[in-house]
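The next block holds one structure in the form of structure tokens; read it before the comments.
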Amino acid sequence: MIDFKLDYLPTMPRDKGARIGCIGSGFIMADCHLVAYRQSGFNPVAIASRTPANARKVAEQREIPTVYDTYVELLDDDSIEVVDIAVPPDLQIGVMREAVKRRHIKGILAQKPIAGNYGEALEIVTMCEDAGVKLGVNQNMRYDQSIRACKSLLDRGYLGEPVLGTIDMRAIPHWMPWQERQGWVTLRIMSIHHLDAFRYLFGDPTRVFASVRKDPRTKFDHQDGICLYILEYESGLRASSWDDVWTGPAREGAESDIGIRWRVEGTEGLARGTIGWHNYPDRNPSTLDFTTTRHPGYWHQPRWEEVWFPDAFAGPMAQLLVALEDGTEPEIGGRDNLKTMALVDACYRSVEEHRAVEIAEIMA
């Protein structure tokens, strides 16, 4: 029998009252984190950003009672138990260094990428562990409803042993101004979602081969525009993604053909789906269709009303709060996320050296 009640929603904490301090007031915080937190009944009580006027605007919009002029002032508020950081990756390590000094802070949710490279990420993880602070990472594609539902199918064995997993992204992201000073765009900002999703679904690969070219639309200098990569697993499984941020001249007058599709083929079943975030702010739920030898001759099509942006952003905070309640490691803990960061860095090394790179090379 097929159980259609798939586990596509995050586990919620028993107590949602933990006092959350928010650092950053850009789009991700204002329109994703805080919207999802309010929907879920979480308790954001303070906000600060490098632009205090914008922090005050977001506080009024999202009913945040306290605004601090600096993040240091927010961190000094000893009533705050959890800090939610959503700042550019090159600034995140500095905020972390201050946050772990405060004994009243028990948990930190860090925006992905947690840092600009694996070495900085390891420093962040180590400093949180040394301070006894639980660190969660906002790798929120793991909470996209179709990806989470596919994981449920895999865990129940409906697809058998995974053989091939693919993601075909044809979408035009909105690059942030801070990315220009980084010199990179897609691998560490967009592809990191897909690489982490593959890890979530299938575990850790042995090696990766990546190839990139510049995106014709992105005007500032960058290395990784359009990105293609293949992950190799010891089991024989292969996973691959085409992260096409050009998609043709859709912004320059031609018709558009934009969409994101994923597919998982197993020895006993097949799952395919779509990701709906590219239609934001329209609410376009991601989808899942699957067929299995356990119920031959049918395509099953479970559906839901929830969407990735912003609903799924409750998941990363929920898993951190659950970990604090239960004394466990967060589902997307800092130590686990190091493996995603290593995989991203392996992609960059593969591009530079034109070869497949073992993930162990980065983590050595």
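Considering Glu329, Glu265, the condition of being of a type in the set (Asp, Glu), outside any helix (DSSP H, G or I) and in the same structural domain as Asp31 (by TED's automatic domain parsing) is satisfied by Glu329 alone. The listed residues are Gly132, Gly107, and the only one of them that is in contact with a Lys or Arg (Cβ under 9 Å, 6 or more places away or on another chain), closer than 22 Å to Val45 by Cα and small (Gly, Ala, Ser) turns out to be Gly107.
Residues that are out of contact with any Phe, Trp or Tyr (no Cβ under 6 Å at 6 or more places or on another chain), of a type in the set (A, V, I, L, M, F, W, C) and outside any loop (DSSP other than H, G, I, E, B) within the range 232-260 comprise Trp242, Ile260, listed in sequence order. Of all residues in the range 22-32, which are surrounded by 18 or more Cβ atoms within 10 Å (Cβ to Cβ) and either of a type in the set (Phe, Trp, Tyr) or touching a Pro at 6+ places or on another chain (Cβ under 8 Å) (or both)? Matches in the range 22-32: Cys22, Asp31, Cys32.
Residues that are crowded, with 16+ Cβ neighbours inside 10 Å and either touching a Ser or Thr at 6+ places or on another chain (Cβ under 6 Å) or assigned to a strand (DSSP E or B) (or both) within the range 200-224 comprise Arg207, Val208, Phe209, Ala210, Val212, Asp224, listed in sequence order. When every residue of the range 71-83 is checked against the conditions, at least one turns out to be surrounded by fewer than 16 Cβ atoms within 10 Å (Cβ to Cβ), in contact (Cβ under 8 Å) with a residue 60 or more places away in the chain and over 22 Å from Asn140 (Cα atoms).
Given the structure, is Trp262 modelled with pLDDT of 95 or more, at negative phi and buried (at least 19 other Cβ atoms within 10 Å of the Cβ)? Yes: the conditions hold for Trp262. Within the range 293-316, being more than 16 Å from Cys150 (Cα to Cα), part of a loop (DSSP other than H, G, I, E, B) and among the aromatic types (Phe, Trp, Tyr) holds for Tyr298, Phe309.
The values are calculated or read from the model by the stated rules, or taken from the named source; none is laboratory data. Just so you know, these numbers come straight off a predicted model, no measurement behind them. Using ideal geometry, Cβ is built from the backbone for each residue, glycine included, and neighbour counts are taken over all protein chains shown.
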